[in-house]
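Working notes, beginning with the structure itself.
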Amino acid sequence: MRTGDRTKSCISTTALEPLQQKLIQTLLRQVPEQGLMHTALDGLALIRCNKPSTCTSSVYAPSLYFNIQGSKTLTLGDKALTYEPLSYATTPVHLPLLGRIDQASASNPFLGIKLAIDPQEVANLVLELGDKAPKLKTGHSCNEVSCGLSIANIDSDMLDAVTRLVKLLENPQNIPILAPLVRREIIYRSLMSEVGVRLRKFSIADSQANRVCRIIEVLKDRFSEPLRISELAHQANMSESSLYQSFKQITRVSPLQFQKKLRLHEARRLMLSEGLEASAASYRVGYESPSHFSREYSRMFGLPPRADVDKLRSEIRVPA
């Protein structure tokens with residue numbers, strides 16, 4: 001970042017401090033304890049972390065992730081992005097990410113907001129925008145398939161909209177009428193922001209990014225089945241090599257690696273939430289060998305299945 005850009009950023013951040021502090025106080029009231037809290041507002045979750053964390057693996061759903069206080073690093077394959085206070089991350093597709101809280105304390109906890117987005121909702125708004133949407137700025141590049149994870153600064157209009165959405169939790173009677181309007185405003189402002197071009201790439205019918213999105217949905221729904229690249233390529237109307245390259249550019253992993261991550265995360269959920277033994281969970285998600293499952297699980301999560309689940313049950317899990 002150039003010096004002039006840094007100065008401009010500091011000035012804009014200072015101007016946003018009163019509204020930022022107002023939102024911080026609302027979040028502290030809503031999330032008095034560390035953890036991730038799903039709210040009465042559909043698709044909205046609030047995150048609080050009182051201390052820095054180690055890297056945690058998770059599959060992020062299509063969402064906007066707003067960082068209000070503290071800092072966090074997200075890693076997608078070989079791509080690591082740190083988002084500071086008053087910035088937000090966009091994931092227009094399901095992505096396997098590593099998340100690490102870098103700055104947080106009991107007196108100044110990390111505070112984040114996750115807003116799930118429906119890709120169809122985004123696509124409909126893109127159609128309405130038409131040629132009103134801003135073009136990519138000179139000096140920046142965004143090809144068809146390299147933008148699975150992006151980070152942008154929160155401006156005053158976006159911060160105001162996000163604050164109004166969270167404040168609805170204090171007046172739940174207004175949620176049915178006002179929440180859909182504010183959600184739409186937030187998505188609109190993200191599309192008109194510096195990451196808007198990247199988001200729109202995934203909504204354009206028959207673009208390579210959109211085709212890969214559809215394949216990701218197929219893998220998400222059928223992750224326990226044997227993977228056939230030829231079948232996926234046929235569904236996407238792409239060659240096998242083109243699908244492989246495009247898929248890896250977006251997710252930073254191959255389709256096979258992506259499927260493996262989906263399987264292991266679902267197995268972890270089954271053991272943690274439904275009490276399944278490791279062998280039963282491994283068969284449920286498509287593994288034929290429990291020992292093979294255990295080796296891959298240990299490589300991904302750092303512990304064997306039973307030890308990992310026991311550890312998670314004994315502590316408050318820091319959100320990824």
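Report yes if ARG268 is open to solvent by less than 60 Å² (accessible area, probe 1.4 Å) and among the basic types (Lys, Arg), otherwise no.
Criteria met by ARG268.
Looking at the structure I just gave you, is THR39 under 20 Å from ILE154 (Cβ atoms), of a type in the set (Ser, Thr, Tyr) and surrounded by fewer than 20 Cβ atoms within 10 Å (Cβ to Cβ)? Break it down stepwise before answering.
Details: under 20 Å from ILE154 (Cβ atoms): yes; of a type in the set (Ser, Thr, Tyr): yes; surrounded by fewer than 20 Cβ atoms within 10 Å (Cβ to Cβ): yes.
The answer is yes for THR39.
Picking from VAL166, VAL197, VAL182, VAL162, which residue would you name as being in a helix (DSSP H, G or I), in contact with a Cys (Cβ under 9 Å, 6 or more places away or on another chain) and crowded, with 18+ Cβ neighbours inside 10 Å?
VAL197
Here's the yes/no breakdown for (1) open to solvent by less than 70 Å² (accessible area, probe 1.4 Å); (2) at pLDDT below 95; (3) over 27 Å from ASP78 (Cβ atoms); (4) among the charged types (D, E, K, R):
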{"position": "PHE223", "(1), (2), (3), (4)": "yes, yes, no, no"}
{"position": "GLU231", "(1), (2), (3), (4)": "yes, yes, yes, yes"}
{"position": "SER242", "(1), (2), (3), (4)": "yes, yes, no, no"}
{"position": "SER246", "(1), (2), (3), (4)": "yes, yes, no, no"}
{"position": "ILE250", "(1), (2), (3), (4)": "yes, yes, no, no"}
{"position": "VAL253", "(1), (2), (3), (4)": "yes, yes, no, no"}
{"position": "ARG263", "(1), (2), (3), (4)": "yes, no, no, yes"}
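Can you report the number of residues in region 214-268 which are more than 22 Å from the chain's Cα centre (by Cα) and within 24 Å of VAL309 (Cα to Cα)?
Selection size over region 214-268: 1.
What number goes with the only condition from (1) free of Cβ contacts under 8 Å to residues at least 24 places away in the same chain; (2) of a type outside the set (A, V, I, L, M, F, W, C); (3) closer than 18 Å to MET192 by Cα that GLU84 does not pass?
(3)
Can you confirm whether ARG198 is at pLDDT 85 or above and under 19 Å from the mean Cα position of the chain (by Cα)?
Considered against the rule, which asks whether it is at pLDDT 85 or above and under 19 Å from the mean Cα position of the chain (by Cα), ARG198 comes out as no.
Output the number of residues of region 74-107 satisfying the condition of being open to solvent by less than 50 Å² (accessible area, probe 1.4 Å) and under 12 Å from the mean Cα position of the chain (by Cα).
14
Among the residues in region 210-218, are any under 17 Å from LEU95 (Cα atoms), without any contact (Cβ under 8 Å) to a residue 60 or more places away in the chain, surrounded by fewer than 21 Cβ atoms within 10 Å (Cβ to Cβ) and of a type in the set (A, V, I, L, M, F, W, C)?
Yes, that holds for at least one residue.
Cβ-Cβ under 9 Å, sequence separation 6+ or interchain: first residue in region 219-245 and on the phi < 0 side of the Ramachandran plot and among the hydrophobic types (A, V, I, L, M, F, W, C), partner open to solvent by 90 Å² or more (accessible area, probe 1.4 Å) and part of a helix (DSSP H, G or I). Which pairs?
Listed pairs, sorted by first residue: LEU227/LEU256; ILE229/GLU240; ILE229/TYR244; ILE229/LEU256; LEU232/GLU240; ALA233/GLU240; ALA233/TYR244; ALA236/ARG214.
How many residues are part of a strand (DSSP E or B) and under 22 Å from HIS38 (Cα atoms) if we restrict to region 84-128?
Qualifying residue count, region 84-128: 19.
Could you list all residues from region 280-315 that are hydrophobic (A, V, I, L, M, F, W, C), over 23 Å from LEU98 (Cα atoms) and surrounded by fewer than 14 Cβ atoms within 10 Å (Cβ to Cβ)?
Residues satisfying the conditions do not exist here.
Taking only region 42-62 into account, find how many residues are within 28 Å of PRO176 (Cα to Cα) and buried (at least 19 other Cβ atoms within 10 Å of the Cβ).
Total satisfying the criteria: 6.
Spot the failing condition for GLU277; the list is (1) touching a helix residue (DSSP H, G or I) at 6+ places or on another chain (Cβ under 7 Å); (2) open to solvent by 70 Å² or more (accessible area, probe 1.4 Å), and only one is missed.
With (1) touching a helix residue (DSSP H, G or I) at 6+ places or on another chain (Cβ under 7 Å); (2) open to solvent by 70 Å² or more (accessible area, probe 1.4 Å) applied to GLU277, the lone miss is (1).
The values are calculated or read from the model by the stated rules, or taken from the named source; none is laboratory data. Small disclaimer: the values here were computed from a predicted structure and weren't measured. Virtual Cβ from ideal backbone geometry, glycine too; neighbours counted across all protein chains shown. With ligands, DNA and RNA removed, areas are computed over all heavy atoms of the protein, side chains included. Shrake-Rupley method; radii C 1.70, N 1.55, O 1.52, S 1.80 Å.
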